[in-house]
Amino acid sequence: MITARYTRLSALLIRRLMLRPQLQSAFSSVFVGRASTHSAADSIAKETPIIFYCNHCSWWDGHLIDQLNQEQFGRETYTMMEDRQLSKYAFLRYIGCFSVNRTNIRTSLESMTYAAACLTKPNRALLIFPQGEILAHDIRPLKFFQGLARIISMVPQVACIPVAIRLDFLNEQRPTAWIAVGQPRLMAGPVHDSRPGLKALTAELEALLTKTLDDLSSDIRDRRFTSFRLSLVGRPGIDQLWDSFRGKLHKLSAPRIF
């Protein structure tokens, strides 16, 4: 497997010089649910490790959750990533990415053990996509693999937080990213260390993320936008640039009263 090579300096540089500018280029804006995010961040002690588990609807998902983590949680986060992708984008090792190969049982177990080891120090978090591949956000059931539950079973105690992501084209040229954070669950991992326990835990976690994603979809469909706060402003698209130009032109052409 490919291990992470996280350092604070490398992570800061990659975020500032590469990832944040690219997010601003890709999205019109990024919105995050208000109340749930703050309550989740405030309710978890720094000594308690966190697992963010998310649906996987785009290439950008890991970077969006990294943005969320930096704003609200401030954790040193490690991300499980497909080995072929990490081989192509090896610089992501320096912000905490490590590999997993689901087709190889031995290396998969090695990756899960490594993931659990990453959570042994204070103020750390793990980001994982239990679906194992990029799928549309409206696919049901979500169909989790059991890797998430197995990692939880290796950790004495961990706070598990479902995070839902949607990308939608609304009134702007570029898509808007929407993020909703579900209620955290504090779990004692070894309790689930059996085949029935892992299966039951996987089903429970899948149901929690499904509800978080369905609630997010309902908010967007019914345009309940007041429950979200603006997290990131993207670069203006052609529509915004043209509207700005027309506004300035209108001011210049308006009659002046002396």
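The values are calculated or read from the model by the stated rules, or taken from the named source; none is laboratory data. Please read these numbers as outputs of a predicted model, since none were measured by experiment. In this analysis, Cβ positions are derived from the backbone assuming ideal geometry, glycine residues included, and neighbour counts consider all displayed protein chains.
Touching a Pro at 6+ places or on another chain (Cβ under 8 Å) and modelled with pLDDT of 95 or more: which single residue out of Ala177, Ala125 fits that description?
Ala125 is the lone residue from the list that is touching a Pro at 6+ places or on another chain (Cβ under 8 Å) and modelled with pLDDT of 95 or more.
Tell me yes or no: at least one residue of region 186-196 is free of Cβ contacts under 8 Å to residues at least 60 places away in the same chain, at negative phi, outside any helix (DSSP H, G or I) and in contact with a helix residue (DSSP H, G or I) (Cβ under 7 Å, 6 or more places away or on another chain).
yes
Can you find even one residue in region 2-11 that is among the aliphatic types (A, V, I, L, M), touching a Ser or Thr at 6+ places or on another chain (Cβ under 9 Å) and assigned to a strand (DSSP E or B)?
No.
Out of the residues in region 217-251 that are basic (Lys, Arg) and assigned to a helix (DSSP H, G or I), state the one that is modelled with the highest pLDDT.
The residue in question is Arg221.
From the residues in region 114-127 that are not in a helix (DSSP H, G or I) and not hydroxyl-bearing (Ser, Thr, Tyr), which one is surrounded by the fewest Cβ atoms within 10 Å (Cβ to Cβ)?
Kept after step one, since they are not in a helix (DSSP H, G or I), are these residues of region 114-127: 119-127.
Filter once more, keeping what is not hydroxyl-bearing (Ser, Thr, Tyr): 119, 121-127.
Numbers: Leu119: 23, Lys121: 10, Pro122: 12, Asn123: 15, Arg124: 18, Ala125: 25, Leu126: 26, Leu127: 25.
Across region 114-127, the extreme among qualifying residues is Lys121.
Report, by residue number, each residue of region 231-245 that is farther than 15 Å from Ala177 by Cβ and not hydrophobic (A, V, I, L, M, F, W, C). Before you say what the answer is, go through the steps one by one.
At the first step, the residues of region 231-245 found to be farther than 15 Å from Ala177 by Cβ are 236, 238-245.
Passing the criteria: Pro236, Asp239, Gln240, Asp243, Ser244.
I'd like to check something: does region 130-150 contain any residue that is part of a strand (DSSP E or B), under 21 Å from Thr79 (Cα atoms) and not small (Gly, Ala, Ser)? Before the answer, list the steps.
Step one: of region 130-150, the residues part of a strand (DSSP E or B) are none.
No.
Would you mind listing the helices (runs of 4 or more DSSP H) fully within region 16-92 where at least 1 residues are among the small types (Gly, Ala, Ser), in contact with a Cys (Cβ under 8 Å, 6 or more places away or on another chain) and crowded, with 17+ Cβ neighbours inside 10 Å? Give the derivation first.
On the way: elements: 20-26, 34-42, 61-68, 83-88.
Helices (runs of 4 or more DSSP H) meeting the threshold: 61-68.
Hey, among the residues in region 93-107 that are in contact (Cβ under 8 Å) with a residue 12 or more places away in the chain and either surrounded by fewer than 18 Cβ atoms within 10 Å (Cβ to Cβ) or in contact with a Cys (Cβ under 7 Å, 6 or more places away or on another chain) (or both), which one's farthest from Gln72 (Cα to Cα)? Don't jump to the end; show me each part of the working.
Step one: of region 93-107, the residues in contact (Cβ under 8 Å) with a residue 12 or more places away in the chain are 93-102, 107.
When the remaining residues are screened for being either surrounded by fewer than 18 Cβ atoms within 10 Å (Cβ to Cβ) or in contact with a Cys (Cβ under 7 Å, 6 or more places away or on another chain) (or both), the result is 94, 101-102, 107.
Values: Tyr94: 21, Asn101: 30, Arg102: 31, Thr107: 33 Å.
It comes out as Thr107.
Check Ile151, Ile179, Ile165 and return the single one that is surrounded by 14 or more Cβ atoms within 10 Å (Cβ to Cβ), farther than 30 Å from Ile238 by Cα and among the β-branched types (Val, Ile, Thr). Don't jump to the end; show me each part of the working.
On the way: Ile179 fails: farther than 30 Å from Ile238 by Cα; Ile165 fails: farther than 30 Å from Ile238 by Cα.
Exactly one of Ile151, Ile179, Ile165 is surrounded by 14 or more Cβ atoms within 10 Å (Cβ to Cβ), farther than 30 Å from Ile238 by Cα and among the β-branched types (Val, Ile, Thr), namely Ile151.
Inspect all residues belonging to region 94-113 and state whether any of them is closer than 16 Å to Gly189 by Cβ, part of a helix (DSSP H, G or I), modelled with pLDDT of 95 or more and hydroxyl-bearing (Ser, Thr, Tyr).
Yes; the residues of region 94-113 include at least one that is closer than 16 Å to Gly189 by Cβ, part of a helix (DSSP H, G or I), modelled with pLDDT of 95 or more and hydroxyl-bearing (Ser, Thr, Tyr).
Specify the residue that is farthest from the chain's Cα centre (by Cα); the eligible residues are those in region 1-13 that are over 18 Å from Met80 (Cα atoms) and among the aliphatic types (A, V, I, L, M).
Leu9
Taking only pairs six or more apart or across chains, which ones have beta-carbon atoms under 7 Å, a first residue in region 108-125 that is on the phi < 0 side of the Ramachandran plot, and a second residue that is of a type in the set (Lys, Arg) and in a helix (DSSP H, G or I)?
Met112/Arg150
All but one of (1) hydrophobic (A, V, I, L, M, F, W, C); (2) under 18 Å from the mean Cα position of the chain (by Cα); (3) more than 12 Å from Phe31 (Cβ to Cβ) hold for Ala188; which doesn't?
Answer for Ala188: the failing condition is (2).
For region 190-210, name all the residues that are in contact with a strand residue (DSSP E or B) (Cβ under 8 Å, 6 or more places away or on another chain) and surrounded by fewer than 21 Cβ atoms within 10 Å (Cβ to Cβ).
Residue satisfying the conditions is Leu208 alone.
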